[in-house]
Amino acid sequence: MTFHSMWAELLPIGRSPASGGYRRFAWTGADRDCRAWFKEQAETRGLGYETDRNGNQWAWLGDPARGDAVVTGSHLDSVPDGGAFDGPLGVVSSFAALDELRARGAEPTRPLGIVNFGDEEGARFGLACVGSRLTAGQLTVADAHRLTDGDGITLPRAMEAAGHDPDTIGPDPERLARIGAFVELHVEQGRALDLSGDRVGIASAIWPHGRWRFDFAGEANHAGTTRLADRRDPMLAYAETVLAARREAELAGAVATFGKIAVEPNGVNAIPSLVRGWLDSRAAGQDRLDAVVTGVREAAEEYAAAHGVDLAVVRESFTPVVEFDHALRDELARILGKDRDPQLTVPVLGTGAGHDAGILSGSIPTAMLFVRNPTGVSHSPAEFAAEDDCVAGVLALADVLEGLACR
Ligand SMILES: [Zn+2]
């Protein structure tokens, strides 16, 4: 099984003919097909295979009970109309790197694992990294039971329908205690490597990020008969707030996005009674993120008051900065740099995207490798990495696994 042939097998699964994007949502048919593919890859290679209590899949070379395992992997699910690379590149590269190690005749002295974390994108139940969060104890069983999809199906019922026993979900500290290092390879979601001219980079940190819901409540009325002066139109305050978010992000050197909106009553000839907008903001440091969110909130309050509209702001989620393990990061930099060529340095870069590796970094030493993405586009069918760069990623991951687990 080459990288190319594995990639070709996964390519049609969950792909929308209309958009060309992927709809591999947790515990759906496309997810089931991806999981079957993972299991087959494990079995074809004679690896030990298991699904853990939270629905994450594991393939093992060597007995994980020996402890101090080196694990690599990523996820196979997608955002709505996502690209082919976010997630699958890490999983396919993991199997390809293992094949490369075997071809080299490398003998692992530590157990080697490959993982497919379930429901990383949170496309169906609205919370990202559910599989790794549950395992790391960062999502309570009670909160997981409350997760519900757009059709009103709860996470436990969805798991059950897909053949996974939902009564088993919960923290899994024994499993994590057996892992000495986790390395996730991922397509870069930005252009840093393209700009620096490198195929592969090492992650330094995941930026702090969060989601805030802004509820602007006004008064519904007839769009034709209500004088402008008599209106309490929440859309106006919302629109000005969107512009404020852009301004504050530019000032702080951060990013801020209103990408989702709900309008009531949502009629073309009605002044809205409610506009609900979701702000996603991320920055390299907590102080910058605070500056953005405070600035947007103050602007929203001002605009709401000016239009006679009520405002409520709710923080729906927040993840503080995640610094990847410095010792492991330095080891990766040495393996991929000096060990290959005394003159070679590998770029170390931060990212505004969340990952399972970020969740696990609270429990075990964790690192990430990024593979160049020439346009930086991600979470879109246009997401791309050249096959040469993917192969460079596989070789880098193989060197890392050999350096960590075979010496
Ligand atoms: Zn991902």
Q) Which is farthest toward the positive dipole end of the chain among Phe3, Pro64, Ala42, measuring Cα position about the Cα centre, with Cβ charges +1 (Lys, Arg) and -1 (Asp, Glu)? A) Phe3
Q: Have a look at Ala333, Ile114, Ser378 and report the one farthest towards the positive end of the charge dipole of the chain, computed about the Cα centre with Cβ charges (Lys/Arg +1, Asp/Glu -1).
A: Ser378
Q. Based on the mean of other beta carbon atoms within 10 Å per residue, what is the order of 189-196, 81-88, most packed first?
A. 81-88, 189-196
Q | Principal-axis tilt of helix 88-104 within the chain, Cα atoms, nearest 10 degrees | A | 10 degrees
Q.
Could you compute Rg(Cα) / (2.2 N^0.38 Å) for the stretch 33-170, with N its residue count?
A. 1.10
Q: Restricting to the chain, compute how many DSSP beta bridges are antiparallel as a %, nearest 5.
A: 70 percent
Q. Which order do peptides 378-384, 5-11 fall in by mean Cβ count within 10 Å, highest first?
A. 378-384, 5-11
(Q) Output the 0 to 90 degree angle, nearest 10, between the alpha-carbon long axis of helix 234-252 and the longest principal axis computed from the alpha carbons of the chain. (A) 50 degrees
Q: Just name one of Leu155, Ala181, Pro171: the one whose Cα is farthest towards the positive end of the charge dipole of the stretch 145-209 (beta-carbon charges, Lys/Arg +1, Asp/Glu -1).
A: Ala181
Q: Compute the long axis of helix 326-336 from its Cα atoms, compare it with the longest principal axis of the Cα atoms of the chain, and write down the angle in degrees, 0 to 90, nearest 10.
A: 60 degrees
Q: Convert 10 °C to kelvin, take the viscosity as 1.306 mPa s, use the Kirkwood radius over C-alpha pairs of the stretch 209-319 as Rh, and evaluate the Stokes-Einstein diffusion coefficient in µm²/s, rounded to a whole number.
A: 112 µm²/s
Q | Rg/Rg_ref, the stretch 262-407, where Rg_ref = 2.2 N^0.38 Å and atoms are Cα | A | 1.52
Q. Sorted by average packing, counted as other Cβ atoms within 10 angstrom per residue and highest first, what order do 228-234, 19-25, 262-268 take?
A. 19-25, 228-234, 262-268
Q.
Considering only C-alpha atoms, what is the centroid distance from the stretch 39-104 to the stretch 179-199, in Å?
A. 18 Å
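Read-outs: derived from the displayed coordinates by stated rules, not from any lab. Because the structure is predicted, anything quoted here is derived from the model rather than measured. Glycine also receives a Cβ, built like all others from the backbone with ideal geometry; neighbour counts cover every protein chain displayed.
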